[in-house]
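Student: The structure is given below, and queries will be raised subsequently.
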Amino acid sequence: PRAAPRAAGAEKPNLAAADVRGRLEAMSRRFDRDATDLLRTWLPEDVDARAVGRSLRFYLRIVAVSFLVRWFVAEPRYIESSSMAPTFLPGDQIAVEKVSTLARLPAPGEVVLFRPPRSALDAERQAELDRAARRG
């Protein structure tokens with residue numbers, strides 16, 4: 001059967017997105033099959049390896065999303081010293097949000113955390129090694 005002609009101004013189907021979706025679904029099916037085969041060698045006969053494989057995929061997705069959130073969206077931090085007193089005290093826990101300052105500069109009054117320069121980290125690490133060597 002021939003395809004019906006498209007109406008003027010109708011959008012073309014997004015073949016690239018459909019191709020990517022198809023590949024992801026195929027990868028997902030392969031993962032399920034391989035995980036099921038692997039789990040059958042480890043699990044007792046009365047356990048449904050497919051259900052365990054689906055659960056495993058679910059938990060792997062949760063772990064992947066949580067790592068992505070931590071690396072790109074927000075990061076928990078622990079205040080170790082009194083250098084930020086009186087705003088934060090030693091032992092306080094904060095969540096550092098990383099997205100808002102990508103589009104704008106920090107506003108006055110906002111707390112800004114930064115990573116120290118590599119040379120400062122190297123110097124601190126060397127000082128710790130020297131102290132450890134002196135202790136014996």
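Student: Of 83, 119, which residue is open to solvent by less than 90 Å² (accessible area, probe 1.4 Å) and part of a helix (DSSP H, G or I)? I'd like the intermediate steps shown before the answer.
Tutor: Details: 83 fails: open to solvent by less than 90 Å² (accessible area, probe 1.4 Å).
Only one candidate passes the filter, namely 119.
Student: Every residue in the stretch 34-72 that is open to solvent by less than 60 Å² (accessible area, probe 1.4 Å), modelled with pLDDT under 90 and part of a helix (DSSP H, G or I), please.
Tutor: 35, 36, 39, 49, 51, 52, 53, 55, 57
Student: A further question on this structure: When you scan the stretch 91-99, do you find a residue that is touching a residue at least 12 places away in the same chain (Cβ under 8 Å), among the small types (Gly, Ala, Ser) and open to solvent by 60 Å² or more (accessible area, probe 1.4 Å), even just one?
Tutor: Going residue by residue through the stretch 91-99, those that are touching a residue at least 12 places away in the same chain (Cβ under 8 Å) are 91-99.
Subset that is among the small types (Gly, Ala, Ser): 91, 95.
Still in the list and also open to solvent by 60 Å² or more (accessible area, probe 1.4 Å): 95.
Scanning the stretch 91-99, I find at least one residue that is touching a residue at least 12 places away in the same chain (Cβ under 8 Å), among the small types (Gly, Ala, Ser) and open to solvent by 60 Å² or more (accessible area, probe 1.4 Å), so the answer is yes.
Student: Continuing with the same structure: Against the definition (over 22 Å from the mean Cα position of the chain (by Cα) and either free of Cβ contacts under 8 Å to residues at least 12 places away in the same chain or loosely packed, with under 13 Cβ neighbours inside 10 Å (or both)), how does residue 18 come out, yes or no? Even if it seems obvious, please write down each step before you answer.
Tutor: Details: over 22 Å from the mean Cα position of the chain (by Cα): yes; either free of Cβ contacts under 8 Å to residues at least 12 places away in the same chain or loosely packed, with under 13 Cβ neighbours inside 10 Å (or both): yes.
Yes.
Student: When you go through 114, 88 one by one, which is the residue that is among the aromatic types (Phe, Trp, Tyr) and surrounded by 10 or more Cβ atoms within 10 Å (Cβ to Cβ)? Break it down into steps so the answer makes sense when it comes.
Tutor: Working: 114 fails: surrounded by 10 or more Cβ atoms within 10 Å (Cβ to Cβ).
Among 114, 88, only 88 is among the aromatic types (Phe, Trp, Tyr) and surrounded by 10 or more Cβ atoms within 10 Å (Cβ to Cβ).
The values are calculated or read from the model by the stated rules, or taken from the named source; none is laboratory data. Treat the numbers as computed from the prediction; the structure is a model and nothing was measured. All Cβ positions, glycine included, derive from the backbone under ideal geometry; neighbour counts span all protein chains shown. Accessible surface areas use protein heavy atoms only, side chains included; no ligands, DNA or RNA. Shrake-Rupley method; radii C 1.70, N 1.55, O 1.52, S 1.80 Å.
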